[in-house]
Amino acid sequence: MAGPFVLDRASILDRLGGDEEIYSMMVDMFLDDVEANSAALASAFASGEATVVQREAHTIKGLLATFSDDDGAAEALAVEKKARAGDLARLGDAVGDLQRRLREVANALRAG
């Protein structure tokens, strides 16, 4: 399991050239879509469709990387790789962990 997420707003803003407007837009988009992303991952896992699980994990990996969440992105990559290999039997805990990570990042973003 990944360590706790720590929002490094300054680092993210630095990558964005200090553009507060883009940062705010990215946060809003993440927060608007986080529940749908989490639900899509759960639904894909429940369906047993490995390619869909892989796609959803890949999307989540990118979202977490956007906010410099290296640990969360690594969790998503692990899910993506196992799904690509068709190994869904052992993914239940990992999918739940990834959903919790999405909520953790969303809460940090809401807090500022």
| note | Within region 1-50, the count of residues that are in contact with a helix residue (DSSP H, G or I) (Cβ under 7 Å, 6 or more places away or on another chain), in contact (Cβ under 8 Å) with a residue 60 or more places away in the chain and either surrounded by fewer than 16 Cβ atoms within 10 Å (Cβ to Cβ) or assigned to a helix (DSSP H, G or I) (or both) comes to 8
| message | Testing Ser68 on (1) assigned to a helix (DSSP H, G or I); (2) touching a residue at least 40 places away in the same chain (Cβ under 8 Å); (3) hydroxyl-bearing (Ser, Thr, Tyr), one condition comes back false. Which one is that? | response | (1)
| field | Any chance Ala74 is at pLDDT 95 or above and crowded, with 19+ Cβ neighbours inside 10 Å | value | no
| Taking region 51-62, which residues are buried (at least 21 other Cβ atoms within 10 Å of the Cβ) and either among the aliphatic types (A, V, I, L, M) or not in a helix (DSSP H, G or I) (or both)? | Val53, Ala57, Ile60
| remark: So, first residue within 12 Å of Val52 (Cα to Cα) in region 74-100, second residue surrounded by 14 or more Cβ atoms within 10 Å (Cβ to Cβ) and charged (D, E, K, R), Cβ within less than 7 Å, six or more apart or across chains; the pairs are Glu80/Lys61
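The values are calculated or read from the model by the stated rules, or taken from the named source; none is laboratory data. If you're wondering where the values come from, they're calculated on a predicted model, not measured in any experiment. Glycine also receives a Cβ, built like all others from the backbone with ideal geometry; neighbour counts cover every protein chain displayed.
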